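Visitor: To start, I am sharing the structure in question, which I have written as structure tokens.
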Amino acid sequence: MSASGGTKAIVAALFANLSIAVAKFVAFLFSGSSSMLAESVHSVADSGNQGLLLLGGKRAQREATPQHPFGYGRERYIYAFLVSIVLFSVGGMFAIYEGYEKIKHPHEIEHWYWPVGVLAFAIIAETISFRTAIKESNALRGRQSWKEFVRHAKAPELPVVLLEDLGALVGLFLALGGVGLALLTGDGIWDGIGTLCIGVLLILIALVLAAETKSLLLGEAAGLDQVKQIEAAMVDGTTVTRVIHMRTLHLGPEELLVAAKIAVQHDNTATEIATAIDAAESRIRAAVPIARVIYLEPDVYSDTEAAKGPDPKATPGGPTPH
């Protein structure tokens, strides 16, 4: 996985979640707090999620084969989607079930200092992990808002870790609130309510992650800035006079496919056109290094044909002819 995959942030989150999971489960055993049990399962699920992200990054590095000629870059998207499923089922649904049971059969929290101490430790550990993820993300997001970064990032690992860490921190404060109210009132139902809130939070985060990774799995185009750079690099003004139309597709976070029809002079020889195409490919790769698969089709530009607009039947996903 490249540095942009956020390996440092993933490893930091993995170690934090493993240590927190053990501490939370010990606190549950001594106190009987359902919030602690839900939070320990949440941390175990998060640890598994970071393992999935690391595995996806490793498998994505495999060389292309005749059966998979464009490589395995999209494995990172698949494993990120699996993370959303784990977070929804193991994290969110379990917490809702545990919260329901606690509200239905409340009991007083014992040895209150265990859950409170562990929650304090967990908040510190998650804050360190979250800070690492923010630092790694800031190196990539530029002027984008956090919302835009999560929605438009082509590498799924950092948005996943960011949302997981944010959810973990909010969940810890919800657990702390539930435990605190249960201790103040002597009514264990507050612990169950806190657990329910954690479950709803995890499900919402899982749905956001699922929606974003689904878009990546379907295949996203290059960003607007990259599209402009590619179009500018393609035209030399002599042999290649304009871009008639172009399609881009991410084969992985750091692999971009570019397919375009370019306008050439009607009296150019085949050798001149072939040379111009080779030069255009070199300029594109220099401008946008992740453009690794490039297909350029030469054509003669026609104002009449251009006025007709794009042919929807020639577009993938267009109407099926009857």
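The values are calculated or read from the model by the stated rules, or taken from the named source; none is laboratory data. All of these numbers come straight from a predicted model, not from anything done at the bench. In this analysis, Cβ positions are derived from the backbone assuming ideal geometry, glycine residues included, and neighbour counts consider all displayed protein chains. What goes into the accessible areas is simple: the full protein's heavy atoms, side chains included, and nothing from ligands, DNA or RNA. Shrake-Rupley method; radii C 1.70, N 1.55, O 1.52, S 1.80 Å.
Visitor: Counting only residues that are outside any helix (DSSP H, G or I), open to solvent by less than 30 Å² (accessible area, probe 1.4 Å) and of a type outside the set (Gly, Ala, Ser), which one in the range 258-285 is farthest from residue 213 (Cα to Cα)?
Guide: Among them, the one singled out is 264.
Visitor: Looking only at the range 5-38, how many residues end up being under 23 Å from the mean Cα position of the chain (by Cα) and either surrounded by 24 or more Cβ atoms within 10 Å (Cβ to Cβ) or not basic (Lys, Arg) (or both)?
Guide: Residues flagged as under 23 Å from the mean Cα position of the chain (by Cα) and either surrounded by 24 or more Cβ atoms within 10 Å (Cβ to Cβ) or not basic (Lys, Arg) (or both) within the range 5-38 amount to 13.
Visitor: Check whether at least one residue in the range 133-145 is at pLDDT 85 or above and touching a His at 6+ places or on another chain (Cβ under 8 Å), and report yes or no.
Guide: yes
Visitor: Let me ask something else. Exactly one condition in (1) assigned to a helix (DSSP H, G or I); (2) open to solvent by 30 Å² or more (accessible area, probe 1.4 Å) is not met by residue 187; state its number.
Guide: (1)
Visitor: Can you pull out the residues in the range 227-242 that are among the charged types (D, E, K, R) and assigned to a strand (DSSP E or B)?
Guide: The one that is among the charged types (D, E, K, R) and assigned to a strand (DSSP E or B): 242.
Rundown of residues vs (1) touching a Ser or Thr at 6+ places or on another chain (Cβ under 8 Å); (2) free of Cβ contacts under 8 Å to residues at least 60 places away in the same chain, yes/no style:
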site	(1), (2)
192	yes, no
196	no, no
211	no, yes
231	no, yes
238	no, yes
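Visitor: I'm trying to understand the selection: among the residues of the range 50-79, which are among the small types (Gly, Ala, Ser) and in contact (Cβ under 8 Å) with a residue 12 or more places away in the chain?
Guide: The answer is 51, 56, 57, 60, 71, 73.
Visitor: For the range 160-172, check the following and say yes or no: at least one residue is open to solvent by 60 Å² or more (accessible area, probe 1.4 Å), in a helix (DSSP H, G or I), out of contact with any Leu (no Cβ under 7 Å at 6 or more places or on another chain) and aliphatic (A, V, I, L, M).
Guide: The answer is yes, given that some residue of the range 160-172 is open to solvent by 60 Å² or more (accessible area, probe 1.4 Å), in a helix (DSSP H, G or I), out of contact with any Leu (no Cβ under 7 Å at 6 or more places or on another chain) and aliphatic (A, V, I, L, M).
Visitor: Going through the range 237-263 one residue at a time, which ones are at pLDDT below 90 and of a type in the set (Asp, Glu)?
Guide: 254
Visitor: Still on this structure: Quick one: what pairs do we get from the range 243-257, first residue assigned to a strand (DSSP E or B), second open to solvent by 30 Å² or more (accessible area, probe 1.4 Å) and hydroxyl-bearing (Ser, Thr, Tyr), C-beta under 7 Å, 6+ apart or different chains?
Guide: Between residues of the range 243-257 that are assigned to a strand (DSSP E or B) and residues that are open to solvent by 30 Å² or more (accessible area, probe 1.4 Å) and hydroxyl-bearing (Ser, Thr, Tyr), the close pairs are 244/301.
Visitor: Right, next: Which one of the conditions (1) surrounded by 17 or more Cβ atoms within 10 Å (Cβ to Cβ); (2) part of a helix (DSSP H, G or I); (3) touching a residue at least 40 places away in the same chain (Cβ under 8 Å) does residue 47 fail to meet, given that it meets all the rest?
Guide: For residue 47, the exception is condition (3).
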